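J.: Below is one structure. I have some questions about it.
Every read-out reported here was derived from the displayed coordinates using simple, explicitly stated rules and does not represent laboratory data. Since the structure is predicted, the reported quantities are computational estimates derived from the model, not experimental observations. All Cβ positions, even for glycine, are placed from backbone atoms using ideal geometry, and neighbour counts span all protein chains on display.
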Amino acid sequence: MSHIIIRDLVKNYKTSSLKKKDVLREVLQQAALLGLARHNFFEHAAFYGGTALRILYQLDRLSEDLDFSLLAPNLRFDFSPYLEGMQKELASWGFHVEIQKKEKESTILSAFLKGNTLKQLLAIEEMDERTEIHPEEKIWIKFEIDTDPPSHFEVETKLILKPTPFYVLSYQPQDLFAGKMHAILCREWKSRVKGRDWYDLIWFIKNSIPVHLEHLEKRMIQSGHLQKNAALTKEMLQDLLKAKIATIDWSQAKNDVKPFLADPKQLDLWSESFFLDLIKFLKTQ
């Protein structure tokens, strides 16, 4: 029965412009979340990041990773029991899962701005040929778990319907926006531009979701981008955004996000002047 449900999930995408590999990744992301939920992972952590936006709030771009934040700092947190439970769950759905735990690497840590993040990679190999995807195709899903989350965030319980109804714990939208804003302002990618972050900025503003300033403030203090006793204001945030926008190579930004969109024409407006106009609609709380 579980194989039939997975097959039907994939068939739901038959009118989609997504590649089969992307379809399988999205199905596996939801199955992985189900496995974590059934093993009580969300008693300790909340879902956040781009994939949370896509699965919970219908963000219209692809997202590859699964990001989580512990509800309280715990540098000794062990994710292994939950991965093992998820592995068993995915096996019951017809998928073989190899788990690789990666050691902390300074380049990755600097990219994510956290010195105490648990990184997991799942190589998920499909075993049931009835989904009409090549049985040797491998999908990599990266897990990030923030073991020392900054304070002043709120969470909520969200219902996911597929592959079968279950609940996850998630950051509230205003705190998801604070996390995304921190990435926009503070994430260092050397010569790369993370166009996906700027696409998500448009999504938040378009949906009238405010930035939770206090949570963003705590994130920026923790990462060293704001002095310890500083109080972040909307005016300060606007100034920081204007300065950042002036540094962006918008051609690179478009190229980064384009593979994740069904309609790349929406990038035609992207320019310094467009984003300066956009942030005039930014709301805070």
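J.: When Lys and Arg each count +1 and Asp and Glu each count -1, what net charge do the other residues less than 11 Å away from P264, Cβ to Cβ, add up to?
T.: Details: positive: R61, K254, K258, K265; negative: D263, D268.
Net charge around P264: +2.
J.: Shifting gears a bit: My understanding is that a pair violates if its Cα-Cα distance is over 19 Å; which of K20/K258; K228/K283; K19/K138; K258/K283; K194/K234; K142/K244 do that in this structure? List each step's numbers first, then the result.
T.: Working: K20/K258 17 Å; K228/K283 24 Å; K19/K138 14 Å; K258/K283 27 Å; K194/K234 23 Å; K142/K244 28 Å.
With Cα atoms farther than 19 Å apart: K228/K283; K258/K283; K194/K234; K142/K244.
J.: Another one. In debye, nearest 20: dipole of segment 47-90 around its Cα centre with unit charges on the Cβ of K, R (+) and D, E (-)? It would help to have the intermediate numbers written out before the result.
T.: Values: 4 positive and 7 negative charges, 18 e Å.
For this selection, approximately 80 debye.
J.: If you don't mind, another one. Using the Karplus curve 6.51 cos²θ - 1.76 cosθ + 1.60 with θ = phi - 60°, what ³J(HN,Hα) values do you get for each residue of segment 275-285, in whole Hz, with x for Gly and Pro?
T.: Coupling constants for segment 275-285: 6, 5, 5, 4, 6, 5, 8, 5, 10, 10, 9 Hz.
J.: For segment 172-285, what D do you get in µm² per second when you plug the Kirkwood radius from alpha-carbon pairs into Stokes-Einstein at 4 °C and 1.567 mPa s? Can you show the working numbers first?
T.: On the way: Rh = 14.5 Å.
For these conditions, the coefficient is 89 µm²/s.
J.: Determine the sum of side-chain charges near P210: Lys and Arg each +1, Asp and Glu each -1, restricted to other residues whose C-beta is under 12 angstrom from that of P210. Write out the running numbers ahead of the final one.
T.: Values: positive: K234, K283; negative: D175, E214.
The answer is 0.
J.: How charged is the neighbourhood of A253? Take every other residue with its Cβ under 14 Å from the Cβ of A253, and add Lys/Arg as +1 and Asp/Glu as -1.
T.: Working: positive: R61, R187, R192, K194, R196, K244, K254, K258; negative: D197, D200, D249, D256, D268, E272.
Combined, the nearby Lys, Arg, Asp and Glu give +2.
J.: Would you please give the FRET efficiency between E235 and N74, computed as 1/(1 + (r/R0)^6) with r the Cβ-Cβ distance and R0 = 30 Å, to the nearest 0.05? Don't jump to the answer; show the numbers that get you there.
T.: On the way: r = 36 Å, r/R0 = 1.19.
Calculated transfer efficiency: 0.25.
J.: Oh, and also: Starting from the Cα of D148, step 7 Å along the direction of its Cβ; do the same at N207; then give the gap between the two resulting points in nm.
T.: Modelled inter-label distance: 3.0 nm.
J.: Test of understanding: what is the full-extension gain from A91 to T164, defined as 0.36 nm times their sequence separation minus their Cα-Cα distance?
T.: Numbers: separation 73, 0.36 × 73 = 26.28 nm, distance 1.55 nm.
Result for the pair: 24.7 nm of gain on full extension.
J.: Count neighbours as other Cβ atoms within 10 Å of each site's Cβ, and list the chymotrypsin sites (Phe, Trp or Tyr not before Pro) in segment 222-279 that are DSSP loop with at most 10 such neighbours. Intermediate results must be reported in sequence, preceding the final value.
T.: Numbers: sites: W250, F260, W270, F274, F275; in loops: W270.
Sparse-neighbourhood loop chymotrypsin sites (Phe, Trp or Tyr not before Pro): none present.
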